[in-house]
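Peer 1: First the structure, which I've put down as structure tokens, then a few questions once you've had a look.
The values are calculated or read from the model by the stated rules, or taken from the named source; none is laboratory data. These figures come from a predicted structure and were not determined experimentally. A quick note on method: Cβ atoms are made from the backbone with ideal geometry, for glycine too, and the neighbour counts reach across all protein chains shown. Keep in mind that these areas ignore ligands, DNA and RNA; they rest on the heavy atoms of the full protein, side chains included. Shrake-Rupley method; radii C 1.70, N 1.55, O 1.52, S 1.80 Å.
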Amino acid sequence: MLTELHIKNFKAWRDTGPIRLAPLTVIFGTNSSGKSSLGHLLLALKQTVQLADRKRALHLGDENSLIDLGTFADCLHAHDLTQSLEFSLRWRLPSALTVKNALNAGQVYRGDELWLSSTLRTDKAEQPQTAAFTYRLFDGENPVLDVEHSRGASPSQTTLDCSPLKLVRAQGRAWSVEPPEKFYRFADRTLLRYQNADFLADFALRTEHVLEQLYFLGPLRRPARRVYQWSGDTVPDVGAQGEYAIPALLAATAQDRRLNRGYRQRMKRFDEFIAHWLADLGIIHSFTVRPVAEGRKDYEVLVKTHQDSCEV
């Protein structure tokens, strides 16, 4: 789970300062004050993770992506291409990360939070290019391991530094390290330059995992349909406009997933759990999801807004 976000020189934000993120974070502000921009950058990071092209530092988007940010100049504060876009993320790991020095069994570093800071600058084509990124592994509030990867003006000036664990060059691999890939990755050939750098690939995997878990639920929803199709598969999410909400509900119910609303509360079937929340919010009285006919993959959703109202 993300616990902190810090952004510099992005759209309306010259510097957000560290933003603490909790299980529920509410951001208030006037129209066009930059609230949505915070989420826009996170979506851009997610679609960059999902992009096959490792050379692109930041996927600004197109009509088929999660977000379309336009040009890099559009993203920078005051459209100033001389400025660098900087951001950092900190997140709690689902399981502790243990780093062992392959050359020294006594050097073991263990942490439950990761911090990533990235700096992107404009290249000659006015596209974003990763200048540097830093990983820091935390055990609680105590930093236990730092890794910094920076791009130099020439290949020979590109650096990779780790502390307190010291990276050791592989024999016969004295070539320069490769520049950073995307905004967070170490090139595979860079890792091969060292005898004890394999653990760095796990840092990138942990970054991909946390960003893959980000989902945007927009203010607009697909209009209700008379019939929904579901063939028994499990969808990964409900979709940006809720287009997969009914298949998700059916899949969770078919798998007998159950939830409760608190300590020692009765476990409810997934669809029943959702229905109770909607009723408590005063949105509906009840709803039913049922097949149009036996043996078909078509379903209808019938809702009653009040106890005495008709199903629609």
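Peer 1: Taking θ = phi - 60°, what integer Hz values does the Karplus form 6.51 cos²θ - 1.76 cosθ + 1.60 yield along region 99-113, in sequence order, with x for Gly and Pro?
Peer 2: Running phi through 6.51 cos²θ - 1.76 cosθ + 1.60 with θ = phi - 60° gives 10, 10, 6, 4, 9, 8, 4, x, 9, 10, 10, 10, x, 10, 9 Hz.
Peer 1: Here's a follow-up. ILE19 accessible area, nearest 10 Å², 1.4 Å probe?
Peer 2: ILE19 has an accessible surface of roughly 30 Å² with all protein chains in place.
Peer 1: Let me ask something else. In a shell of Cβ-Cβ distance under 14 Å around ALA240, excluding ALA240 itself, what net charge do Lys and Arg (+1) and Asp and Glu (-1) give?
Peer 2: With Lys, Arg at +1 and Asp, Glu at -1, the net is -1.
Peer 1: Regarding region 214-261, what is the average projected area of its C-alpha convex hull, in nm²?
Peer 2: 4.4 nm²
Peer 1: Using all alpha carbons of region 85-142, what is the percent of pairwise distances in each 10 Å bin, ordered from the shortest bin to the longest?
Peer 2: 21, 34, 27, 15, 3
Peer 1: Net charge near THR3, counting Lys/Arg +1 and Asp/Glu -1 over other residues with Cβ under 10 Å of its Cβ? Working shown, then result.
Peer 2: On the way: positive: ARG20, ARG90, ARG92; negative: GLU4, GLU113.
Taking every Cβ under 10 Å from that of THR3, the sum is +1.
Peer 1: On to the next question. In the full protein assembly as shown, how much of ARG222 is accessible to a 1.4 Å probe, in Å² to the nearest 10?
Peer 2: 130 Å²
Peer 1: Would you kindly derive the ³J(HN,Hα) couplings of region 125-142 from the backbone phi angles with the Karplus curve 6.51 cos²θ - 1.76 cosθ + 1.60 (θ = phi - 60°), listing them in order in whole Hz, with x for Gly and Pro?
Peer 2: 8, 6, 10, x, 9, 6, 7, 6, 8, 10, 10, 9, 9, 10, 10, x, 9, 9
Peer 1: Find the Rg to Rh ratio for region 165-216, where Rh is the Kirkwood radius over alpha-carbon pairs and Rg uses the same atoms.
Peer 2: With Rh from the inverse mean 1/r over Cα pairs, Rg/Rh is 1.08.
Peer 1: Take LEU21, project a point 7 Å from its Cα along the Cβ direction, then tell me which residues of region 198-221 have their backbone nitrogen under 14 Å from it.
Peer 2: Counting backbone N atoms under 14 Å from the label point, the list is 207-217.
Peer 1: Can I ask one more? Between ALA12 and ASP280, how high is the FRET efficiency from 1/(1 + (r/R0)^6) when r is the Cβ-Cβ distance and R₀ = 41 Å? Nearest 0.05.
Peer 2: Taking R0 as 41 Å, the efficiency between ALA12 and ASP280 is 0.65.
Peer 1: What do you get for Rg/Rh of region 181-312 when both radii come from the Cα atoms and Rh is the Kirkwood radius?
Peer 2: Numbers: Rg = 21.4 Å, Rh = 18.4 Å.
The Rg/Rh ratio comes out at 1.16.
Peer 1: Check which residues have an amide H placed less than 5 Å from ALA131's amide H, if you skip close sequence neighbours.
Peer 2: Here THR119, LEU120, ARG121 satisfy the definition.
Peer 1: Still on this model: May I have the pair-distance distribution P(r) for region 20-124, computed from all Cα-Cα distances with 5 Å bins from 0 and rounded to whole percent?
Peer 2: With 5 Å bins starting at 0, P(r) equals 2, 9, 14, 19, 17, 15, 10, 7, 4, 2, 1, 0.
Peer 1: So what J values fall out for region 197-202 if you push phi through Karplus, 6.51 cos²θ - 1.76 cosθ + 1.60 with θ = phi - 60°, rounded to Hz, Gly and Pro as x?
Peer 2: Residue by residue, region 197-202 yields 10, 4, 5, 5, 5, 5 Hz.
Peer 1: Checking a compactness column here: for the chain, what do you get for Rg(Cα) / (2.2 N^0.38 Å), N being the number of residues? Kindly include the intermediate steps, with their values, before the conclusion.
Peer 2: Working: Rg = 23.9 Å, N = 312, 2.2 N^0.38 = 19.5 Å.
So the Cα radius of gyration is 1.22 times the expected 2.2 N^0.38 Å.
Peer 1: Which number do you get for Rg(Cα) / (2.2 N^0.38 Å) in region 67-163?
Peer 2: Computed over Cα atoms of region 67-163, the ratio equals 1.35.
Peer 1: According to the Cα gyration tensor, what semi-axes, each the square root of 5 times an eigenvalue, does the equivalent ellipsoid of region 120-164 have, listed from largest to smallest in whole Å?
Peer 2: Ellipsoid half-lengths, sorted descending, are 27, 13, 4 Å.
Peer 1: Heavy atoms only, probe 1.4 Å: what % of the accessible area of region 245-309 goes to carbon and sulfur, would you let me know?
Peer 2: Heavy-atom surface of region 245-309 belonging to carbon and sulfur, 1.4 Å probe: 50 percent.
Peer 1: While we're here: Please list, ordered by chain and number, the residues whose modelled amide H lies under 5 Å from the amide H of SER286; skip anything fewer than 5 residues away on the same chain.
Peer 2: LYS304
Peer 1: Points 7 angstrom from Cα along the Cβ direction at TYR109 and SER309: gap in nanometres?
Peer 2: 5.8 nm
Peer 1: Relative contact order for region 178-277: what percent, with Cα pairs under 8 Å and sequence separation of 6 or more?
Peer 2: On the way: 85 pairs, mean separation 14.4, N = 100.
Computed value for region 178-277: 14 percent relative contact order.
Peer 1: Treat each spin label as a single point 7 Å out from the Cα along the C-beta direction, and report the GLU300 to SER32 distance in nm.
Peer 2: That separation, rounded to one decimal, is 4.7 nm.
Peer 1: Need one value: the accessible area of VAL26 in square angstrom, 1.4 angstrom probe, rounded to the nearest 10.
Peer 2: 90 Å²
Peer 1: Working out 0.36 nm times the residue gap between VAL292 and ARG92, then minus their Cα-Cα distance, what length gain in nm do you get to one decimal?
Peer 2: Roughly 67.6 nm would be gained on extension.
Peer 1: Could you give me D for region 111-219, from Stokes-Einstein at 4 °C and 1.567 mPa s, where the hydrodynamic radius is the Kirkwood radius over C-alpha pairs? Units µm² s⁻¹, please. Could the numbers behind the result be given before it?
Peer 2: Numbers: Rh = 15.1 Å.
The calculation lands on 86 µm²/s.
Peer 1: I would also like to ask the following. Residues in region 119-145, backbone N under 20 Å from the label point at ASP202 (7 Å along the Cα-to-beta-carbon vector): list them, ranges by number please.
Peer 2: From region 119-145, the list is 134-145.
Peer 1: Quick one: compute the contact order of region 241-287, relative version, from alpha carbon pairs under 8 angstrom and 6+ residues apart, as a percent.
Peer 2: After rounding, I find 26 percent.
Peer 1: Which residues' amide hydrogens lie under 5 Å from the amide hydrogen of LEU167, considering only partners 5 or more residues apart or on another chain, with H built in the peptide plane?
Peer 2: CYS162
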